Amino acid sequence: MSAVLTRPLLSVENLAVHIRTDGGLARILDDVTLAVPKGGSLGVVGESGCGKSTLLRAILGILPRGATVPKGAVLFEGEDILSDHGASVRGRIGFIPQDPYLSLNPVFRAGDQILEVMRRHAPGRRRDHKEKLVELFRAVQLPDPGGALAKYPHQFSGGQRQRLLIAAALSCEPSLVVADEPTTALDVTTQREILVVLRQLIAERGLSLLFVTHDFGVLATVCDQVAVLYSGRVAETGPTRAVLDTPLHPYARMLLACHPDRATDLLGIPGTVPAATAQPPGCRFHPRCPQLHSGCPIEVPPMLPAGEGRAVACPWYEEAPRG
Amino acid sequence: MSASDARSVEPSHAAPLPGNPGEGRGGLKRPRPRFPALRRLLRDPVATFGLALVLFAVFVAIFAPWLAPYPEDAFESHILQRLRPPSAEFPFGTDNLGRDVLSRVILGTRSALLVAVAVVGASLAIGVPVGLVAGWRDGWLSELLMRVTDVFLAVPQLILALALGQLLAPGLTTAMLALALTYWPFFARTVYAETRRLRGALFVDALAGIGASTPRILLLHVLPNAAPAIVIRATIGMGFTILTAALLGFLGVGAAPPDPDWGLAVAEARQHLPEAWWFPTFPGLAILLLVLGFNLLGDGLRDIADPRLRRSRH
């Protein structure tokens, strides 16, 4: 149907992730299908608790204890990487975490920690690694790139630490970079600088990017494709511009309307994301949806193609918005 | 000259300076100061004093038989010269059996330190693994370990020592057993807290993600984070143990006569007070100084380990 002629670099197919909790079985992800094309960038957007971080953890093979994958697959260059917890792709996927604070062990020098990973996954000797790392530190505009090797994580500021982690993610020359809201903890100006650096590095090296965020502004700067996640399911996918300009799914529409830049007043979506242990039947958005139809609480809506490479999980998307 | 200049320049200012050694070539080879923690400790006069006291005690303990003027006074008695006041011949005087108090203080250093090291060592050997396992695991095993820890924490140290002394033979081994049994929970709780804190840290997930085994993660990556707290706790525990061991000696369930034990000496001296003031004073001073040394050193180490405290001190 829509334009996936070449094989995507990373594809997530019908992935479901369940976690056994005290409150019952949590269906964190349910039938998620996504693809990151070679050299492309996909943004995954959604509210807190919609399963964004779990999706990344599944891709990286670091699902929390007690998590099960009842169905689905994660394919990297056509290989299933879910079954071996990502062992075969170590060094080929770089990860930029959300919280730079405890991403590095505080008792070891930051440089040594990155070099240890390079020793395992990058060709060359320690000398080459050091030079390459200093080069990367310079590329991410870390002050005093040479001296940074000998510093401990706490000797960097938040923004510097985030730059350090971008360098770490790129240190083994991955073909895919996975980023989990890497700028959420930073102030707006630093956020901007870091996004610019990241975008530039990705473009220069021809890397693919999977970027998870809840910020549409950030999304528009770094991603050309977007997937909107709601309560563990994909609500809408398509080119970033098109989705941001004319969101089709009622949830995407309301979520975008909430953005302070667009809203005339502070808007919200009534209700909350359902608990992962107690999701409503049928369309998971129906309790909050202003365009509720009688079929919504019964049938799980399939992804429907909507032209221009877009797809929507709502049979009523062509209907004029209500409410 | 240029190297020290470069270090004093703020990194953010350093970048545009041409030929700055922090950039490029020099960056990889900048000499690092060796033993930075020791240097920082020596900058603190109080902690240095503590360290000096401890090192002095270790020195005395090692060379005790050669340092003591009358090494045979550990066991022999000379009734004719009992309770002599301090003089040139006996700088600390003699005790109720005519033995040189100075010699017995020197000879007692070794057992005081041995008790401290053995008790703290045994406590570490129990407490650290318990803390690591309980902090890492969820569920019944963790609960069980920590509740057992709580039970031991609730037992009063002296009462357990006295009870064990009655059950087994009273002596130094029994006292050490009782002290170790009541001190390990402190290490278990310290290590437990640190392991719990780091268990969810991303670097731990990343290690698991690249295939590191659980023992490797715990011993090589989590435990070093707890090391400062453990070292401080152990140092203060040494002083504490010496004090308690002396107290047990005083109560008669620690070292037995004729061992040259400081606490025992103070106990024996009770009957000869206030005339023979030198008899309890010098062993008591030895206890005081060694405990003080360990506590000051522990405090100094804590200041180094906690950056917030470090900043507030200067």
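Kindly establish whether residue A:182 is surrounded by fewer than 23 Cβ atoms within 10 Å (Cβ to Cβ) and within 14 Å of chain B (Cβ to nearest Cβ). Answer is no for this residue.
Tell me whether segment B:277-292 contains one or more residues that are away from chain A (no Cβ under 13 Å), aromatic (Phe, Trp, Tyr) and out of contact with any Phe, Trp or Tyr (no Cβ under 9 Å at 6 or more places or on another chain). The answer is yes, given that some residue of segment B:277-292 is away from chain A (no Cβ under 13 Å), aromatic (Phe, Trp, Tyr) and out of contact with any Phe, Trp or Tyr (no Cβ under 9 Å at 6 or more places or on another chain).
Checking the condition buried (at least 24 other Cβ atoms within 10 Å of the Cβ) and in a helix (DSSP H, G or I), which residue from A:256, A:198 passes? Please lay out each step first, then the result.
On the way: A:256 fails: buried (at least 24 other Cβ atoms within 10 Å of the Cβ).
Unique residue meeting the criteria: A:198.
Of all the listed residues (A:120, A:125), the sole one being more than 10 Å from chain B (Cβ to nearest Cβ) and surrounded by fewer than 18 Cβ atoms within 10 Å (Cβ to Cβ) is A:125.
Checked against (1) in contact with an Asp or Glu (Cβ under 8 Å, 6 or more places away or on another chain); (2) under 17 Å from residue B:134 (Cβ atoms), residue B:172 meets all criteria but (2).
When residues in segment B:216-231 are screened for being more than 9 Å from chain A (Cβ to nearest Cβ) and more than 27 Å from residue B:151 (Cα to Cα), 3 of them pass.
Determine which member of the set A:108, A:156, A:137 is at the interface with chain B (Cβ under 8 Å from one of its Cβ atoms) and either among the aromatic types (Phe, Trp, Tyr) or in contact with a strand residue (DSSP E or B) (Cβ under 6 Å, 6 or more places away or on another chain) (or both). Write out each step before concluding.
Values: A:156 fails: at the interface with chain B (Cβ under 8 Å from one of its Cβ atoms); A:137 fails: at the interface with chain B (Cβ under 8 Å from one of its Cβ atoms).
Checking each option against the conditions leaves just A:108.
Give the residues of segment B:256-287 that are surrounded by 15 or more Cβ atoms within 10 Å (Cβ to Cβ) and either in a loop (DSSP other than H, G, I, E, B) or of a type in the set (Gly, Ala, Ser) (or both), sorted by residue number. Answer for segment B:256-287, where residues must be surrounded by 15 or more Cβ atoms within 10 Å (Cβ to Cβ) and either in a loop (DSSP other than H, G, I, E, B) or of a type in the set (Gly, Ala, Ser) (or both): B:258, B:259, B:260, B:261, B:263, B:265, B:267, B:269, B:276, B:284, B:286.
Please specify each residue of segment B:192-213 satisfying the condition of being over 19 Å from residue A:58 (Cα atoms), facing chain A (nearest Cβ under 9 Å) and surrounded by fewer than 19 Cβ atoms within 10 Å (Cβ to Cβ). Once the filter is applied, which keeps residues that are over 19 Å from residue A:58 (Cα atoms), facing chain A (nearest Cβ under 9 Å) and surrounded by fewer than 19 Cβ atoms within 10 Å (Cβ to Cβ), segment B:192-213 yields only B:197.
Selection within segment A:67-83: residues that are touching an Asp or Glu at 6+ places or on another chain (Cβ under 9 Å) and either of a type in the set (Gly, Ala, Ser) or within 12 Å of chain B (Cβ to nearest Cβ) (or both). The member of this set that is nearest to residue A:17 (Cα to Cα) is A:72.
The residues in segment A:30-45 that are among the basic types (Lys, Arg) and surrounded by 21 or more Cβ atoms within 10 Å (Cβ to Cβ) can be counted, and the count is 0. Would segment A:84-96 turn up any residue that is surrounded by fewer than 17 Cβ atoms within 10 Å (Cβ to Cβ), within 10 Å of another protein chain (Cβ to nearest Cβ) and of a type in the set (Phe, Trp, Tyr)? No; the residues of segment A:84-96 include none that is surrounded by fewer than 17 Cβ atoms within 10 Å (Cβ to Cβ), within 10 Å of another protein chain (Cβ to nearest Cβ) and of a type in the set (Phe, Trp, Tyr). Among residues of segment A:166-185 being aliphatic (A, V, I, L, M) and over 16 Å from the mean Cα position of the chain (by Cα), the one that is nearest to residue A:116 (Cα to Cα) is A:168.
Being surrounded by fewer than 19 Cβ atoms within 10 Å (Cβ to Cβ) and either touching a Leu at 6+ places or on another chain (Cβ under 8 Å) or in contact (Cβ under 8 Å) with a residue 60 or more places away in the chain (or both) is the filter here; which residues of segment A:5-17 pass it?
A:7, A:13, A:16
Residues in segment A:283-303 that are surrounded by 15 or more Cβ atoms within 10 Å (Cβ to Cβ) and either of a type in the set (A, V, I, L, M) or on the phi > 0 side of the Ramachandran plot (or both): A:292, A:303.
Readers should treat all values here as calculations from the given coordinates under stated rules, not as data from a laboratory. What you are looking at is a predicted structure, and each value in this text was computed from that prediction instead of being measured. No Cβ is skipped: glycine too gets one built from the backbone with ideal geometry, and neighbour counts run over all protein chains shown.
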